[in-house]
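The values are calculated or read from the model by the stated rules, or taken from the named source; none is laboratory data. Please read all numbers here as calculations on a predicted model, not as lab measurements. As a convention, Cβ positions derive from the backbone with ideal geometry for all residues, glycine included, and neighbour counts pool all protein chains shown. Note: accessible area is taken over every heavy atom of the protein model, side chains too, but ligands, DNA and RNA are not part of it. Shrake-Rupley method; radii C 1.70, N 1.55, O 1.52, S 1.80 Å.
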Amino acid sequence: MNLDPMLLLAAALFSIGLFGALTQQSIVMLMMGLELMLGGIIVAAAAIWHYITPDTAEGQVLVVLAVTVMAVEMAVGFAVVTALFRAREVDVTDLATELRQ
């Protein structure tokens with residue numbers, strides 16, 4: 001496995017996520033952009049870890065742990081967005097500045 005294509009993939013994921021996070025006002029789209037950025041960072045970390053120490057599995061365990069934490073974080077985020085939408089019919093960031101009712 002070459003390092004360059006993996007880092008290129010990570011940079012593409014991070015760039016697409018950054019564009020999505022900076023240009024979207026929908027809370028769900030903002031969360032998806034942040035998730036893409038985090039995915040790009042994890043891909044880069046896994047590629048570098050594999051490049052540095054190809055015989056050890058600690059990097060793979062760390063990647064699986066990070067992906068699990070990402071899934072839990074997204075589940076909590078979507079739960080908050082769903083509760084906010086049900087309570088106030090708000091799904092854009094400008095109108096959701098205050099989370100209290």
Within the range 8-42, the residues whose backbone N lies under 18 Å from a label point placed 7 Å from the Cα of A66 along the Cα-to-Cβ direction are 8-18, 32-42
Two-decimal ratio, the chain, of alpha-carbon radius of gyration to 2.2 N^0.38 Å = 1.32
Determine the per residue accessible area of the chain with all protein chains present and a 1.4 angstrom probe, expressed in square angstrom.
-> 70 Å²
For the Cα atoms of the chain, what angle does the longest principal axis make with the long axis of helix 3-23, in degrees from 0 to 90, nearest 10?
-> 10 degrees
Carbon and sulfur atoms: what percent of the 1.4 Å accessible area of the chain do they account for?
-> 71 percent
Which longest uninterrupted range of the chain lacks any GluC sites (Glu not before Pro) assigned by DSSP to a loop state (not H, G, I, E or B) and surrounded by at most 12 other Cβ atoms within 10 Å?
-> 1-88
For the chain, with +1 on Lys and Arg beta carbons and -1 on Asp and Glu, the positive-most of F85, A57, M32 along the dipole = F85
